[in-house]
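The values are calculated or read from the model by the stated rules, or taken from the named source; none is laboratory data. Given the structure is predicted, the values throughout are model-derived calculations rather than measurements. Backbone-built Cβ (ideal geometry, glycine too); neighbour counts: all protein chains shown. Ligands, DNA and RNA are excluded from the accessible area calculation, which covers all protein heavy atoms including side chains. Shrake-Rupley method; radii C 1.70, N 1.55, O 1.52, S 1.80 Å.
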Amino acid sequence: MRRYGLWVGVPTLVAGLAAWAALADDKQGWTVVAAAVAGAVGAFGPTATERLAQAWERRQAQAGRLSRVRVAELPESVTWLLRPDRQVVPFFGRGWLLISLESWFNDPRARPVRMLVGAGGIGKTRLAQELVSRLPQDVRCEWISLQSEAETAALIVPRSLLILDYAEARDRAALAELLCAAQQADHVRVLLLARAAGSWWESLSDAYPRQAHLVDALTSAPDAVVEVPAKVDDVHDARAVVAEAAAAFAARLGRPVPVVEAAREWPPETPVLRLHADALVAVLDGAHRQGDYDVLGEVLGHERRYWSHTARTAGLTGGETLRQVVGIATLTGADTTAEIAQIVRRAPSLRDAPASRLDEFARWLSGLYPAAPGSALGVVQPDLLAEALAVRVLVSLSAEDQTRVLTGLSAGQAVRVLTLLGRARVHEPGADALIETAMRADLPRMVETVVEVGLQFPGVFTPVAVRLFGSADIDDEWARKMYGRVPYPSAEFGALGLALTTRIIDGLPGDAPPGVRALWSSVHTYRLVEESRASEALPVSEDLVRQYRELAEHDREAHLVYLAAALRRHAVLLAGQPRWAEALTFSQEAVGLWEEVVEGGRDGYLSELAGTMNAHAAVLAGNGLRDEALAASRRAIGLHRELVEIDRTAHLPELAVALWSAGHVAMMTGLVTEEVVAAAEEGVRYFGELAAAAPDTYAGRYRNAARTLDEARRRLSDGGPQNEDQNRGVRPA
């Protein structure tokens with residue numbers, strides 16, 4: 001009996017101690033379980049059980065209250081749910097567009113290029129993914145990474161679909177080459193995705209002159225560009241899109257499906273990504289928000305919990321520090337581990353951190369997101385979230401820290417910075433001010449970058465660069481090298497080219513060789529004319545003629561072609577004033593010098609002689625020299641015909657212009673003949689041929705040539721040569 005009593009007493013003692021510990025310390029896990037079990041079999045059984053149950057209820061109630069006020073850390077990224085490649089939300093809508101794209105792929109007569117354009121987050125990538133899923137299994141579909149265009153052109157196989165996202169950010173020459181290769185291959189289609197088809201698309205042929213006409217034909221076809229609307233179809237309104245997305249996100253996360261606010265309205269142009277982000281926030285918050293709110297900011301707020309979780313696991317802390325590091329990384333990207341380390345050092349919060357701490361943050365950042373091919377660092381995605389995060393982080397910094405972040409970037413990082421800011425300015429108010437800050441931080445690096453990305457954002461970067469040139473301390477050697485990278489002619493970069501030539505000429509030393517000074521004066525004149533500043537170009541051109549005369553006196557063979565070109569340009573400028581008599585003197589001399597050059601065995605300048613003769617005909621007509629003007633026009637046409645026989649593709653546009661000009665010259669002199677009308681008709685035919693291949697380049701000229709032909713026919717029917725008195729003195733526009 002004593003042994004039994006002792007056996008009963010031991011569990012009684014254990015039960016009492018365990019229960020007391022549980023109630024006193026409010027412990028979790030095995031302590032509470034041990035107390036409950038021991039209490040159930042011990043002498044304190046009923047009393048301990050009741051007290052434990054009451055404590056457990058109090059603890060659960062407290063946990064419930066805490067869960068409502070505490071932001072929990074997330075073990076996974078939530079932004080990945082919005083990535084189109086994850087396909088968390090089932091695809092729906094876009095039926096007519098998919099049918100059109102399928103028909104395009106299957107039609108053997110279709111041109112091989114289509115480009116889908118639309119705002120960021122509109123659903124272009126997801127649409128392309130859906131197209132791929134609907135094509136037959138034997139079709140080879142490839143997503144071509146950035147910087148792989150030229151390599152892909154050599155690897156094209158029949159019956160394939162090549163998809164190029166971020167088409168506007170591609171190397172233009174390599175992209176043009178790829179399009180031409182697709183045209184010549186057997187049933188190959190190229191699907192491009194871009195935010196807009198602007199200057200970069202319209203001038204793509206300039207980057208690939210070897211097959212410029214073919215590129216123009218491919219890019220200017222009426223059906224080459226397809227705009228993707230915000231609305232997915234006529235069945236799914238914004239509320240339906242949000243509701244379906246919320247159900248999909250809830251299923252993936254194992255959370256309740258929130259009720260979408262019935263009274264909520266969205267602007268009709270709201271991108272699908274923003275609607276999906278709205279649904280994701282509703283799932284994460286447990287309820288759909290009423291009224292408008294910063295949906296991208298809320299998603300990023302939830303994403304910060306993921307950063308905190310992973311950082312804490314790595315032994316790091318600091319919420320704002322994490323935000324700065326991730327935001328700067330998203331802005332600049334990194335191609336090497338050294339650049340990742342530099343990103344961490346740019347964060348203001350880590351300015352004074354020891355090297356060991358910086359290394360820890362660099363390792364954490366490297367593993368935060370998976371890196372894309374060719375990159376050393378993964379960043380926040382999709383793009384709208386990346387742009388919002390980068391801009392908002394940078395805006396939150398002081399002016400000094402902004403400059404520090406944007407100074408010393410690599411060429412690749414500078415491209416990413418301006419590209420991101422250019423895209424973000426559509427939806428992030430602070431982006432425009434940051435563009436100027438970035439340009440000021442390192443003007444030479446950013447000007448180099450503007451030439452690379454400026455066509456994607458016409459009128460955005462170039463004006464800022466030109467304005468900053470006035471007060472910037474620019475190295476003369478850099479300016480001369482930089483000028484060689486600025487395209488000519490160029491509507492986008494003409495002002496930048498002019499700013500550079502102005503700076504170069506102003507920086508020439510007094511003892512600069514005359515030939516060097518004349519060369520830069522020459523290109524400066526071209527840039528002034530390009531920017532419609534002919535009145536300023538005239539005195540520069542006059543001085544340039546003087547310089548080349550002096551140079552030709554010392555070495556005629558070396559400088560003859562430069563003098564001839566300067567004379568022709570000066571004659572054209574004078575005619576534009578119009579100062580016909582002075583223009584005639586320079587025009588006649590220019591023709592004589594080009595004849596001397598060609599007769600000296602330099603056949604490569606025959607096109608210069610033909611073009612100068614064509615301009616000379618107009619100057620003669622402006623001076624009322626009818627017969628001489630018509631004779632010069634005939635000779636110009638004859639020279640252009642010789643050139644067309646040598647290379648029709650290269651010289652047909654020049655012949656078309658000469659034939660068109662013949663009609664103008666005839667009307668200026670008042671002598672419209674059947675010969676003139678026939679020449680004008682031939683010119684219209686050629687312009688029609690050119691416009692069919694490249695409407696953006698030649699459609700306007702075709703219409704103007706057709707109007708000239710109609711006027712020439714009218715005058716011929718009214719009496720032609722008898723109208724010379726009333727037409728004498730008419731000047732070309």
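In a fully extended conformation the segment linking Glu269 and Asp85 would gain 63.9 nm over its present Cα-Cα distance, using 0.36 nm per residue. What's the FRET efficiency of Asp511 with Ala262 using the Cβ-Cβ distance as r and R₀ = 56 Å, to the nearest 0.05? E between Asp511 and Ala262, to the nearest 0.05, is 0.10.
Please state the charge dipole magnitude for the chain, taken about the Cα centre, from unit charges on C-beta atoms (+1 on K and R, -1 on D and E), reported in debye and rounded to the nearest 20.
Working: 77 positive and 93 negative charges, 724 e Å.
With only Lys, Arg, Asp and Glu charged at Cβ, the dipole is about 3480 debye.
Suppose the Debye formula is applied to equal point scatterers at every Cα of the chain; what is log10 I(q)/I(0) at q = 0.05, 0.06, 0.07, 0.11 Å⁻¹? These q points yield log10 I(q)/I(0) values of -0.40, -0.54, -0.69, -1.24. Percent of Cα pairs in region 591-635 per distance bin of 10 Å, from zero to the largest separation: 32, 45, 20, 2. Between the helical axis of 272-285 and the longest alpha-carbon principal axis of the chain there is an angle of about 10 degrees.
Per atom type, region 480-556 shows carbon and sulfur on 54% of its accessible surface, probed at 1.4 Å. Under the shape rule built on the C-alpha gyration tensor, where the axes satisfy a ≥ b ≥ c, region 604-682 is oblate, since a/c reaches at least 1.5 while a/b does not exceed b/c. Between the listed residues Ile340, Ser199, Phe687, the Cα displaced farthest toward the positive end of the dipole of the chain, a dipole computed from Cβ unit charges relative to the Cα centre, is found at Ile340.
With N counted as the residues of region 146-225, its alpha-carbon radius of gyration over 2.2 N^0.38 Å works out to 0.99. Under the convention that each Lys and Arg Cβ holds +1 and each Asp and Glu Cβ holds -1, the size of the dipole of region 420-541 around its Cα centre is about 180 debye.
Projecting the Cα positions of Val117, Ala169, Val325 onto the charge dipole of the chain (unit charges on Cβ atoms of Lys, Arg, Asp and Glu, taken about the Cα centre) puts Val325 furthest along the positive direction.
Normalised by the number of residues in the chain, the average gap of Cα pairs under 8 Å and 6 or more apart makes the relative contact order 8 percent.
Per residue, how many Å² of accessible area does the chain show with a 1.4 Å probe? Can you show the working numbers first?
Values: 34560 Å² over 733 residues.
Per-residue accessible area for the chain comes out at 47 Å².
Summing charges over all other residues whose Cβ lies under 13 Å from the Cβ of Arg425, with Lys and Arg as +1 and Asp and Glu as -1, gives -2. Rounded if a/c is under 1.5, else prolate if a/b is larger than b/c, else oblate: which is region 534-636, with a ≥ b ≥ c the root eigenvalues of its Cα gyration tensor? Verdict is oblate for region 534-636.
Return a whole-number percent for the relative contact order of region 313-358, with Cα pairs under 8 Å and 6 or more residues apart as the contact set. Mind dumping the intermediate values first?
Working: 24 pairs, mean separation 17.0, N = 46.
Value for region 313-358: 37 percent.
Near Leu508: Cβ cut-off under 13 Å, other residues only, Lys/Arg at +1 and Asp/Glu at -1. The net charge is -1.
Note on Asp237 and Trp96: the extension gain reaches 49.1 nm, defined as 0.36 nm multiplied by sequence separation minus the Cα-Cα distance.
Sorting the Cα pairs of region 199-245 by distance into bins of 10 Å, from 0 upward, gives 23, 29, 15, 19, 13, 0 percent per bin. Just the protein heavy atoms count here, and of the accessible area of region 388-445 at 1.4 Å, carbon and sulfur take up 55 percent. Over the residues of the chain, the helix contribution to mean residue ellipticity at 222 nm works out to -21000 deg cm²/dmol, using -39500 (n - 2.57) for each DSSP H run of at least 4.
In this rough spin-label picture, where each label sits 7 Å from Cα along the Cβ direction, the Ala372-Ala287 distance is 3.9 nm. Which of rounded, prolate or oblate describes region 416-456 when judged by the alpha-carbon gyration tensor and an a/c cut-off of 1.5? Oblate is the answer for region 416-456, as a/c is 1.5 or above yet b/c matches or exceeds a/b. Using Cα atoms only, what is the angle between the long axis of helix 556-575 and the major principal axis of the chain, expressed in degrees (0 to 90) to the nearest 10? Taking the Cα atoms of the chain, the angle to 556-575 is about 90 degrees. Between helix 45-69 and the chain there is an angle of about 20 degrees, using the helix long axis and the longest principal axis of the Cα atoms.
Multiplying the residue separation of Arg703 and Arg485 by 0.36 nm and removing their Cα-Cα distance gives an extension gain of 75.1 nm.
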